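In what follows, a single structure is set out as structure tokens and then discussed.
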Amino acid sequence: MKVTATAIPDVLVLEPKVFGDARGFFLESFNRKAFAEAAGRDVDFVQDNHSRSARGVLRGLHYQLRQPQGKLVRVVRGAVFDVAVDIRRSSPTFGRWVGVELSEENRKQMWLPPGLAHGFLVLTETADFLYKTTDYYAPEHERSLLWNDPALGIAWPLDGAPVVKPNDANGKPLAQAETYP
């Protein structure tokens, strides 16, 4: 597995080894031992999620104030622009964001440790987005950071206005958001 650090050092891009021939391909999408070596931590994933979205859908930027979730994310159909925002006030990268294209072609995955807001924009007709989480979904603790907060300056590769659900459109700017210590 190839591991690349991002501008937020805790956020990693993982590229699994792919074995292919005329029949197709094989890859290990998750191996606990290999992940622990790559990420420098052993994590317990407790929930797997799968979403399908249409082109132009922007989901996020989500986080759980209590029961924060680490996420290992990937795309198995289509492509997305995946974004992580550091909202840990004690972090030297507080308020910074990183974005990576994840697609069925590049097979990249991104690891986001607990304490980050997460979102993605669908770049293809549809995208199937899979992610493992280190804690359970807790809707009472979910918060949304404003996806287009000018203070963050996220360079979403938009082609027109995105499709955003109301609670994401009404997310809080970082300056007003509840964050982690």
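Nothing in this text is a laboratory measurement; each read-out follows from the coordinates by a stated rule. Bear in mind that the values here come from a model prediction, so they are computed numbers and not experimental data. Glycine also receives a Cβ, built like all others from the backbone with ideal geometry; neighbour counts cover every protein chain displayed.
Applying a DSSP loop filter and a limit of 11 other Cβ atoms within 10 Å to the chymotrypsin sites (Phe, Trp or Tyr not before Pro) in the stretch 136-181 leaves Y136. Spatially, the stretch 18-57 and the stretch 93-166 are offset by 17 Å when compared through their Cα centroids.
From its DSSP helices (H runs of at least four residues, each -39,500 (n - 2.57)), the chain gives a residue-normalised ellipticity at 222 nm of -1500 deg cm²/dmol. When the chain is treated as a GNM with alpha-carbon contacts under 10 Å, the residue of N167, N49, N31 showing the greatest mean-square fluctuation is N31.
Find the relative contact order for the chain and round it to a whole percent, using C-alpha pairs within less than 8 Å whose residues are 6+ positions apart.
On the way: 410 pairs, mean separation 52.2, N = 181.
After rounding, I find 29 percent.
Give the residue list of trypsin sites (Lys or Arg not before Pro) in the stretch 45-78 that are DSSP loop and have at most 14 other beta-carbon atoms within 10 angstrom. Kindly include the intermediate steps, with their values, before the conclusion.
Values: sites: R52, R55, R59, R66, K71, R74, R77; in loops: R55, R66.
Answer in residue order: R66.
Taking 0.36 nm per residue of separation and subtracting the current Cα-Cα distance, fully stretching the chain between V46 and V163 would add 39.2 nm. Among beta bridges from DSSP that stay inside the chain, the antiparallel ones total about 95%.
Among the listed pairs K2/K172; K71/K165; K71/K172; K17/K165; K2/K165, those whose Cα-Cα separation exceeds 29 Å are K2/K172; K17/K165; K2/K165. The charge dipole of the chain, taken about the Cα centre with unit charges on the Cβ atoms of Lys, Arg (+1) and Asp, Glu (-1), comes to about 140 debye, rounded to the nearest 20.
For a test of the definition: using alpha carbon positions, the gyration tensor, and the 1.5 limit on a/c, classify the stretch 2-176 as rounded, prolate or oblate. It is oblate, given that a/c is not under 1.5 and a/b is not larger than b/c.
For the chain, the longest piece that avoids every one of the GluC sites (Glu not before Pro) found in DSSP loops with at most 16 other C-beta atoms within 10 Å covers 29-103.
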